[in-house]
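A quick write-up on the structure given underneath.
The values are calculated or read from the model by the stated rules, or taken from the named source; none is laboratory data. Remember, predicted model here, so these are calculated numbers, not experimental data. As a convention, Cβ positions derive from the backbone with ideal geometry for all residues, glycine included, and neighbour counts pool all protein chains shown.
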């Protein structure tokens, strides 16, 4: 992940709308990505877990990439710190 290519819009997040998380980086080893999983934790408890099909092919050898995930923010959300996990899932049956 490259923090200069990874950001949220709007920033800071606002309740009652859609937050867009743009992820970017460079693959330094060949990778196969079929789905991205976005998990939001509040107080250590997962409150959102969604998988997105990655639409740009599967093989990524040593190249930069960027993808934007939508996240609907409820109109009522606690003003706390949230932790986000983003996982890439490959093409095997177990992922």
Going through segment 37-95 one residue at a time, which ones are modelled with pLDDT under 80, more than 19 Å from residue 7 (Cβ to Cβ) and in a strand (DSSP E or B)?
-> 59, 60
If you check residue 21 against the conditions, is it surrounded by 14 or more Cβ atoms within 10 Å (Cβ to Cβ), in a strand (DSSP E or B), at pLDDT 85 or above and in contact with a strand residue (DSSP E or B) (Cβ under 9 Å, 6 or more places away or on another chain)?
-> yes
